[in-house]
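Following: one structure in structure tokens, then a few remarks.
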Amino acid sequence: MTEPSRPDRPHSRWQLAALAVTIGLASASASAQNAQPLEQRFLFGVGTHQGLGGSVSGRGYVPAISVKQMKELGATSFRDDLPWSDFELPGRQLGFNPLLGRLDAQIKANIGPPVIILAFGHHLVPNSTPPTTDEARQRFVNYATVVAQTLAARRPIFELWNEYNLEARKNPDFSIDNYVALARVVQPVVKRAAPSSPFVVGALGDDPGWKWTDALLRTGLLEIADGISIHIYNHCMNPARRTAAEAIERLEAFHQRVAQATNNPAYPIYLTEAGWPNGEAKCSVNEQLAADNMAQMILWSSTAGPWLKGLWLYELKDSGTKPDALEHNFGIYHFDNSPKPAVCSIRDSWAFVRTSLKAERTRPVPGVVLVRSQDGSDVKAALWSDNPTKRFEVRLKGAESNAEVSHVCQQGAGLAPGAWTELSTTPLLVTAKGQAALDFEIRPAN
């Protein structure tokens, strides 16, 4: 809420914080000047389901519509399944076929390097879910080899399995030993067939206490892999923890574990799933909070550093229409392809940072996140509250006549010099041309 005539509140230790954000071109280091834009070193994508369900999707996925939606978001990648049982038809016929026509069409649309999941057993191959014998592993190797040969020119990222550790809770065959044994025979053939394609292990689902993660890291598997992937969700946590802040905190903890195990703080990590379901299920969040969380994740990702190779939001569209079915309601778009609030939140936040050359995150006051970045001749700042129950007010100090200010999706009033405006979980975006110093004051709202 804008209150141009409201007097300042009394000062306390942090209730009124004067924050000077000086990120003009003149202060940029030579390395920052020559850095690659974020979009050239980081993939932003979404999860889709073109590879599951055969030639017609029961989830409502249509390649032409999905491609249009991804272009609207600005996505530079997507992640999808390439099931072994659909790629290898009876008679050991290996290759794309009508069952995988939708996935084939989406790959050929050249959204960007896709993440292709090599996964699932084969109904005609004994001991293949997961592969636990030399014979089953060799059949999986044959499938992975032809996939890599077929797609090599697209330079995809190959991800071995999907949430293997979650299956281990129900089936002892999904052991770390079996996973490592499979990875060690698949990796060489994939790299020979597609040397420019990263081979990524993990696809780790929820792992309380990091027990599975730590055990996997002790195997030394990451020495032959090109990266490790993880999925982070918190929608079934206490409502106060269903935030981007919690997801970021856990991802950073995962990064520290990987860095320590590999003795490499820049070891590649791929966040191949993160999202928040809507609808009416117990673990759902409202559409606006999901949109704010996704915007915050994207803005934060610009500050993560070279270890984070990409973020794939789950998923592009709702997979069903039942409001109380959790898995039906993760979409950025509704089942009928109409947009949710997340569409413009994702589009605006990614557009804001995708060309940034350098970015960093600070906390100017408790509960407020500031991402500041350099973008050629532009000076940028994004601010938000990281807790849905805490709101603040912010104002620009001085007369920055060339500053452009808006909330993501233009929600809320603009910010004029000297006027206070509300700061919530919906990020506030500020851009100024030239060597501007963006100075803010921040205070808690009533």
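The values are calculated or read from the model by the stated rules, or taken from the named source; none is laboratory data. In this text the structure is predicted, and so the values were computed from the model without any measurement. Backbone-built Cβ (ideal geometry, glycine too); neighbour counts: all protein chains shown.
Worth a mention:
- Listed by position, the helices (runs of 4 or more DSSP H) contained in the range 30-131 that have at least 2 residues being of a type in the set (K, R) are 63-73, 101-108.
- Residue count for the range 18-61 satisfying the condition of being modelled with pLDDT of 50 or more and surrounded by 14 or more Cβ atoms within 10 Å (Cβ to Cβ): 20.
Table: residues versus (1) of a type in the set (A, V, I, L, M, F, W, C); (2) at pLDDT below 95; (3) part of a loop (DSSP other than H, G, I, E, B); (4) farther than 18 Å from A290 by Cβ.
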{"residue": "C344", "(1), (2), (3), (4)": "yes, no, no, no"}
{"residue": "R361", "(1), (2), (3), (4)": "no, no, no, yes"}
{"residue": "K380", "(1), (2), (3), (4)": "no, yes, no, yes"}
{"residue": "V394", "(1), (2), (3), (4)": "yes, yes, no, yes"}
{"residue": "G398", "(1), (2), (3), (4)": "no, yes, yes, yes"}
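- T362 passes every criterion in (1) under 22 Å from I232 (Cβ atoms); (2) free of Cβ contacts under 8 Å to residues at least 60 places away in the same chain apart from (1).
- Complete set of residues in the range 326-378 that are touching a helix residue (DSSP H, G or I) at 6+ places or on another chain (Cβ under 7 Å), basic (K, R) and under 23 Å from C409 (Cβ atoms): K340, R347, R354, R361
- Qualifying residue in the range 176-183 (condition: of a type in the set (V, I, T), in contact with a strand residue (DSSP E or B) (Cβ under 7 Å, 6 or more places away or on another chain) and under 30 Å from R218 (Cα atoms)): no
- Residue count for the range 352-364, restricted to those that are over 15 Å from R41 (Cα atoms) and surrounded by fewer than 23 Cβ atoms within 10 Å (Cβ to Cβ): 5.
- Evaluation of D173 against (1) under 26 Å from the mean Cα position of the chain (by Cα); (2) among the acidic types (D, E); (3) in a loop (DSSP other than H, G, I, E, B) (one fails), failing number: (1)
- Taking the range 166-190 as the range and being without any contact (Cβ under 8 Å) to a residue 24 or more places away in the chain and among the basic types (K, R) as the test, the residues that pass are R169, K170.
- For the range 406-421, the tally of residues that are crowded, with 17+ Cβ neighbours inside 10 Å and either at pLDDT 85 or above or more than 16 Å from I442 (Cβ to Cβ) (or both) stands at 7.
- Given (1) in the same structural domain as Y233 (by TED's automatic domain parsing); (2) closer than 16 Å to L428 by Cα; (3) not acidic (D, E), index of the condition S338 fails: (2)
- Residue match in the range 137-149 (condition: free of Cβ contacts under 8 Å to residues at least 60 places away in the same chain, under 22 Å from I228 (Cβ atoms), touching a helix residue (DSSP H, G or I) at 6+ places or on another chain (Cβ under 7 Å) and of a type in the set (D, E, K, R)): yes
- With respect to (1) farther than 25 Å from P341 by Cβ; (2) at pLDDT 90 or above; (3) in contact with a strand residue (DSSP E or B) (Cβ under 8 Å, 6 or more places away or on another chain); (4) not in a strand (DSSP E or B), the lone exception for P366 is condition (3).
- Residues located in the range 231-258, provided they are among the charged types (D, E, K, R) and more than 14 Å from N387 (Cα to Cα): R250, E252, R257
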